[in-house]
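The values are calculated or read from the model by the stated rules, or taken from the named source; none is laboratory data. Quick caveat: nothing in here was measured; it's all calculated off a predicted structure. Here the Cβ is made from the backbone with ideal geometry for all residues, glycine too, and neighbour counts use every protein chain on show. Remember, those area values only see protein heavy atoms, side chains included, never the ligands or the DNA or RNA. Shrake-Rupley method; radii C 1.70, N 1.55, O 1.52, S 1.80 Å.
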Amino acid sequence: PDGSEEVLVAAGDGAVTDPFVANDGRSVYYSFFHDVRPAQLNPQRGNLPYRGSDIYRIDLATRRVQQLTFQEFTPNTGAGRWLESNPVDPPEGYNRLGYGILNMGPAPLPGNQLIFVSNRNGFVPNKNFTLPTMQLFVMDTDGSNVTAIAPMTISSALHPTPLRDGRVAFSNYEAQGLRDERLWGIWAIWPDGTLWEPIVSAFKHPQAFHFMTQLSNDDLVVEDYYNLSNSGFGALYRFPVNASGGGPRFHGA
């Protein structure tokens, strides 16, 4: 309040993003890019970082920092010859990602769990506009018992945000069919992976919904993102988290 500042995590050559305060207010979860210097980005892979990013927690009372993910790579070995210990630059004869594993978007859940997104399964979206494929995972708050809860999100999922009714809302890359390659909608899923359903779809060309929060009356506020164009920073929309009156929530292809 007096304007003084304290650096909780000195990023150095890296970068801190996605801070999320724990439910008890005693710690903050965040994702940390280990090295984002230009020489450590792969220009052939959309400038993704060779060293990737991982999820951390800082205890606000003690300032103790704990790393929760460690660049785990869990590819489908039946769909390629992968070296799980080295997705970036394996020896000849192996498939390669060419960039590190991105563990991002941590958000605390009830029951000492954490939801986050990761590209650790090694998928690539079916359209080239978005790279890579991020999928939803749940783990214990100490980093153990990692479970994939949305294997159907083979395009990409971002920004998991817990809702008051127990579900998790997230941005979903809607790359199906011949539609515009920039479309993102808002979907919901329960932390155990059940009842995957749309909240609001991309209804116009082009539209990308990202970055949501829930108000005290349960309404959602989301951003209609700007897609790297000259249309400014986009608009904010507010709407009920559940459709009323039988209105459509998903736009047909």
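Table for the structure above
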| quantity | calculated |
| --- | --- |
| Cα pair count fraction exceeding 34 Å, expressed as % - the chain | 18 |
| Dipole axis of the stretch 86-227 (+1 Lys, Arg; -1 Asp, Glu on Cβ), positive-most option in LEU183, MET139, GLN214 | LEU183 |
| Heavy-atom surface of the chain, accessible at 1.4 Å and reported per residue (Å²) | 52 |
| Top of SER85, SER27, SER118 by mean-square fluctuation, Gaussian network on the chain, Cα under 10 Å | SER85 |
| Extension reserve of the ARG37-ASN128 stretch, reckoned as 0.36 nm per residue once the Cα distance is removed | 30.4 nm |
| Positive-end extreme of charge dipole, the stretch 1-123 - chosen from SER27, GLY111, THR62 (charges on Cβ) | GLY111 |
| The stretch 1-139, dipole about Cα centre (Lys/Arg Cβ +1, Asp/Glu Cβ -1), debye to the nearest 20 | 420 |
| Residue of ILE55, ILE115, ILE149 that the Gaussian network model of the chain assigns the largest fluctuation, springs spanning Cα pairs under 10 Å | ILE149 |
| Peptides 150-157, 203-210 ordered by average Cβ neighbours within 10 Å, highest first | 150-157, 203-210 |
| The chain - charge dipole about Cα centre, Lys and Arg +1 at Cβ, Asp and Glu -1, debye rounded to 20 | 540 |
| Heavy-atom accessible surface of the chain: percent carbon and sulfur, 1.4 Å | 52 |
